[in-house]
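Single-structure report; data block below.
Quick note: the coordinates plus some simple rules give every number you see, no bench work behind them. For clarity, every value in this text was computed on a predicted model and none was experimentally measured. Reconstructed Cβ throughout: ideal geometry from the backbone, glycine too, with neighbour counts over all protein chains shown.
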Amino acid sequence: MTVEQSLAVRPLRAVEATVQVRDDETATLTVPLKQSRWTGWFFKMPDGAHKKFELDKLGLFVWNHCDGKTSVKQLIRKLARQFQLNERMAEVSTIQFLRTLGRKGLIAMSLQSVREQPEGK
Amino acid sequence: MRPIVAWQGWRLRLPPRWGPLKLEGDWREGYALFADTGRPKLGVRWTTLKAKAAEGAIEKRFGQELGVLAAQATRAYSPPGLWLHGRLYTDPSPPGRDVWLGYSPASGRMLELVYQVRRRDGAMAGALLPSLGDESENPLLPWSIFDFSCQVSNPMPLSEQRLNAGDITLGFGDRRRGVTMRQISVASVALRRMPLDQWLAAQMRLRKRNYRPAGLLREGSLAVALGRFSGLEGQLRRRRRFGFMRWIAPRLWAAAAHDPQRDRLYLVEATDEQLLRQTAATIGWAQKVGASDVLV
């Protein structure tokens with residue numbers, strides 16, 4: 001995948017999370033935990049078990065734009081404009097944050113726009 | 001408005017979407033690469049040369065960069081200001097590279113600009129080169145990278161650079177006489193994580209090997225190019241066991257302030273108070289100049 005293509009993917013929220021926004025524009029993300037197949041043999045997860053993630057102002061902005069419609073490139077530009085950042089700086093921090101969200105299984109990437117492009121372009 | 005990039009004596013106006021990808025070298029020679037979110041756009045290389053060797057070196061460099069045939073297709077072009085032997089190669093069939101080479105007698109350096117051109121847009125001759133300048137003879141050397149800018153008394157070489165996303169540090173001079181400036185963005189997020197006094201204390205702790213705090217932090221204000229902002233000040237004193245090290249300044253002054261307009265934190269540390277105030281007063285000069293061509 002080229003750099004252009006990786007910036008064209010659209011992050012999408014992969015979990016049903018509850019977002020609790022506070023007055024200071026920070027938020028708590030509450031994600032229900034699911035019992036995985038193998039651990040279920042040994043442990044019984046209590047009903048309503050959940051995991052919490054704290055998001056700051058920038059994190060909340062990125063999370064809100066993980067809607068499957070906004071591409072990574074658009075997200076970077078919006079973030080840079082909103083917080084008066086250089087696009088290069090916004091790019092580095094946004095991609096790092098999206099990687100973290102992806103690793104935690106909170107978002108997935110929609111490759112629709114990439115697949116639409118013909119091969120070799 | 002195209003922001004100013006000023007580094008090691010030269011300055012340029014670049015499109016707002018371009019940012020530095022690589023900054024290497026020192027005042028004598030080095031390389032900078034600028035890119036947008038997709039691909040590299042502009043390379044800048046500078047090399048110190050003797051004036052009489054400049055013309056031959058430019059010709060040779062064109063040969064290395066483009067090949068002998070393309071090097072013959074260059075034309076004389078010197079941007080405004082004192083540039084000697086300026087030559088420009090415009091790629092006849094993009095995508096390719098537009099290359100400009102010239103010699104600045106002000107700094108005794110040959111400068112090379114390589115613009116990655118995708119379609120014929122005239123950006124090199126129309127926008128990039130007219131904004132090129134060499135400020136090496138300026139008593140205050142301008143520096144501007146990302147959205148951080150300052151001016152430092154000349155000569156005071158760059159000794160430290162840390163360009164993390166949202167946390168930029170530039171240090172100048174040596175341990176006897178030097179200044180370090182740090183800009184943190186977004187300040188409202190940074191201050192929620194840690195109050196201003198802890199930011200300043202953390203900055204001062206970086207010197208704890210050689211220095212100890214002299215007194216408590218006190219309230220003060222810091223004047224930068226964009227205004228005066230309230231903040232905190234503190235001092236450090238060289239530890240007694242390093243008293244024989246005369247090459248280390250006996251005291252360090254440190255100050256921190258929050259700029260609510262730009263939502264930035266400024267942390268400045270210097271070996272004397274006057275240097276701290278003078279240098280801090282130039283922070284943000286490029287943002288103040290904005291679209292005009294006049295340096296502060």
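If only one of B:S131, B:S188, B:S144, B:S149 is surrounded by fewer than 21 Cβ atoms within 10 Å (Cβ to Cβ), in contact with a strand residue (DSSP E or B) (Cβ under 7 Å, 6 or more places away or on another chain) and hydroxyl-bearing (S, T, Y), which one is it? Reasoning before the result, please.
Values: B:S188 fails: in contact with a strand residue (DSSP E or B) (Cβ under 7 Å, 6 or more places away or on another chain); B:S144 fails: surrounded by fewer than 21 Cβ atoms within 10 Å (Cβ to Cβ); B:S149 fails: surrounded by fewer than 21 Cβ atoms within 10 Å (Cβ to Cβ).
Going through B:S131, B:S188, B:S144, B:S149 in turn, the sole match is B:S131.
For the subset of segment A:42-78 comprising residues that are within 10 Å of chain B (Cβ to nearest Cβ) and closer than 22 Å to A:V9 by Cα, which member is farthest from the chain's Cα centre (by Cα)? Don't jump to the end; show me each part of the working.
Pass one, segment A:42-78, residues within 10 Å of chain B (Cβ to nearest Cβ): A:56-59, A:72-73, A:76-77.
Within this subset, residues satisfying the condition of being closer than 22 Å to A:V9 by Cα are A:58-59, A:72-73, A:76-77.
Numbers: A:L58: 12, A:G59: 9, A:V72: 10, A:K73: 14, A:I76: 13, A:R77: 16 Å.
Selected residue: A:R77.
For segment B:155-175, what are the residues that are in a strand (DSSP E or B), among the aliphatic types (A, V, I, L, M), surrounded by fewer than 21 Cβ atoms within 10 Å (Cβ to Cβ) and more than 14 Å from chain A (Cβ to nearest Cβ)?
If we filter segment B:155-175 for residues that are in a strand (DSSP E or B), which is where we start, we get B:158-164, B:167-173.
Now narrow it down to the ones that are among the aliphatic types (A, V, I, L, M): B:158, B:163, B:168, B:170.
Going one step further and asking which of them are surrounded by fewer than 21 Cβ atoms within 10 Å (Cβ to Cβ), we end up with B:158, B:163.
Matches in segment B:155-175: B:L158 only.
Does segment B:215-237 include one or more residues that are in a helix (DSSP H, G or I) and either touching a helix residue (DSSP H, G or I) at 6+ places or on another chain (Cβ under 9 Å) or over 16 Å from B:L276 (Cα atoms) (or both)?
We begin by selecting, within segment B:215-237, every residue in a helix (DSSP H, G or I); these are none.
Looking through segment B:215-237, none of the residues is in a helix (DSSP H, G or I) and either touching a helix residue (DSSP H, G or I) at 6+ places or on another chain (Cβ under 9 Å) or over 16 Å from B:L276 (Cα atoms) (or both).
If a residue has to be aliphatic (A, V, I, L, M) and in contact (Cβ under 8 Å) with a residue 24 or more places away in the chain to count, how many in segment A:88-112 make the cut?
Counting residues in segment A:88-112 that are aliphatic (A, V, I, L, M) and in contact (Cβ under 8 Å) with a residue 24 or more places away in the chain gives 7.
Residue by residue through segment B:1-50, note down the ones that are over 18 Å from B:L132 (Cα atoms), within 13 Å of chain A (Cβ to nearest Cβ) and in a strand (DSSP E or B).
B:L21, B:K22, B:P40
Name the strands (runs of 3 or more DSSP E) wholly within segment A:16-121 that hold at least 2 residues that are among the small types (G, A, S)?
Hits in segment A:16-121: A:107-110.
When residues of segment A:16-46 are filtered for being under 13 Å from A:N64 (Cα atoms), surrounded by 14 or more Cβ atoms within 10 Å (Cβ to Cβ) and not charged (D, E, K, R), how many remain?
Number of matching residues: 6.
Pairs only if they're at least six apart or on different chains, beta carbon under 7 angstrom, first in segment B:178-198 and over 16 Å from B:D259 (Cβ atoms), second of a type in the set (A, V, I, L, M, F, W, C) and not in a strand (DSSP E or B); list them, first residue then second.
Pairs found: B:V179/B:L275; B:V179/B:L276; B:D197/B:L217.
Among A:T39, A:T2, which is more than 10 Å from chain B (Cβ to nearest Cβ) and either in contact with a Cys (Cβ under 8 Å, 6 or more places away or on another chain) or at negative phi (or both)? Step through it out loud before you land on a result.
Numbers: A:T2 fails: more than 10 Å from chain B (Cβ to nearest Cβ).
One residue alone meets the criteria, A:T39.
If B:R118 satisfies every condition in (1) within 14 Å of chain A (Cβ to nearest Cβ); (2) surrounded by 17 or more Cβ atoms within 10 Å (Cβ to Cβ) but one, which is the exception?
(2)
List, please: which pairs have Cβ atoms under 7 Å, are six or more places apart or on different chains, and start with a residue in segment B:159-170 that is of a type in the set (G, A, S) and end with one that is in a strand (DSSP E or B) and surrounded by 17 or more Cβ atoms within 10 Å (Cβ to Cβ)?
From segment B:159-170, the pairs are B:S159/B:G171; B:S159/B:F172; B:S159/B:G173; B:S159/B:G178; B:G166/B:I184.
Can you name the condition, by its number, that B:L42 falls short on among (1) surrounded by fewer than 19 Cβ atoms within 10 Å (Cβ to Cβ); (2) in contact (Cβ under 8 Å) with a residue 40 or more places away in the chain; (3) aliphatic (A, V, I, L, M); (4) farther than 14 Å from B:M110 by Cα?
(1)
What are the residues in segment B:140-154 that are polar (S, T, N, Q), assigned to a strand (DSSP E or B) and away from chain A (no Cβ under 14 Å), if any? Walk me through how you get there before you give the answer.
Of the residues in segment B:140-154, the ones polar (S, T, N, Q) are B:144, B:149, B:151, B:153-154.
Filter again for assigned to a strand (DSSP E or B), leaving B:144, B:149, B:151, B:153.
Passing the criteria: B:Q151, B:S153.
All but one of (1) touching a Gly at 6+ places or on another chain (Cβ under 8 Å); (2) surrounded by 20 or more Cβ atoms within 10 Å (Cβ to Cβ); (3) closer than 20 Å to B:S78 by Cα hold for B:A6; state the number of the condition that does not hold.
With respect to (1) touching a Gly at 6+ places or on another chain (Cβ under 8 Å); (2) surrounded by 20 or more Cβ atoms within 10 Å (Cβ to Cβ); (3) closer than 20 Å to B:S78 by Cα, B:A6 is out only on (1).
Just to verify a result, which residue in segment A:65-87, among those that are among the charged types (D, E, K, R) and either touching a residue at least 60 places away in the same chain (Cβ under 8 Å) or over 18 Å from B:A187 (Cα atoms) (or both), is surrounded by the most Cβ atoms within 10 Å (Cβ to Cβ)?
Looking at the filtered set, the residue picked out is A:K73.
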